[in-house]
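Heads up, the thing below is written out as structure tokens.
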């Protein structure tokens, strides 16, 4: 018997399908469902080595981190809303 289910949150069609499946499974099994927003920050911004390049790179990386954080918050809000709407226990 399932007691807990962990799902990776995302915005791709496969992520949305997996989330719907996990919601049904959790509801039917009366299991707790937890969502994890996986945002890949392993990129490396390539910036030519010119004057000011390191400051530009730092600014670009900060902007990308901020966008990733906003996406994480949005994904969790949608996930929690869907869980409440389908009467699924959140972990």
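In segment 4-90, the DSSP beta bridges split such that about 0 percent are antiparallel, to the nearest 5. Relative to the dominant Cα principal axis of the chain, helix 53-85 is inclined by about 10°. Modelled spin-label separation between residue 21 and residue 40, with each label point placed 7 Å from Cα along the Cα-to-Cβ direction: 2.0 nm. Can you tell me the orientation of helix 13-29 relative to the chain, as the angle in degrees between its alpha-carbon axis and the longest Cα principal axis, to the nearest 10? It is inclined by approximately 30 degrees. Labels on offer are (i) -0.78, -0.83, -0.89; (ii) -0.86, -0.88, -0.92; (iii) -1.06, -1.10, -1.14, and the one holding log10 I(q)/I(0) by the Debye sum over Cα atoms at q = 0.18, 0.19, 0.20 Å⁻¹ computed from this structure is (i). Counting 0.36 nm for each residue step from residue 85 to residue 11 and taking away their Cα separation leaves a gain of 24.8 nm. Using the rule -39500 (n - 2.57) for each DSSP H run of four or more residues, divided by the residues of the chain, the 222 nm mean residue ellipticity is -19500 deg cm²/dmol.
Bear in mind these aren't lab numbers, they're just calculated from the coordinates by the rules spelled out. Quantities reported herein were computed from a predicted structural model and do not represent experimental measurements. Cβ sites come from the backbone with ideal geometry, for glycine too, and all protein chains shown count toward neighbours.
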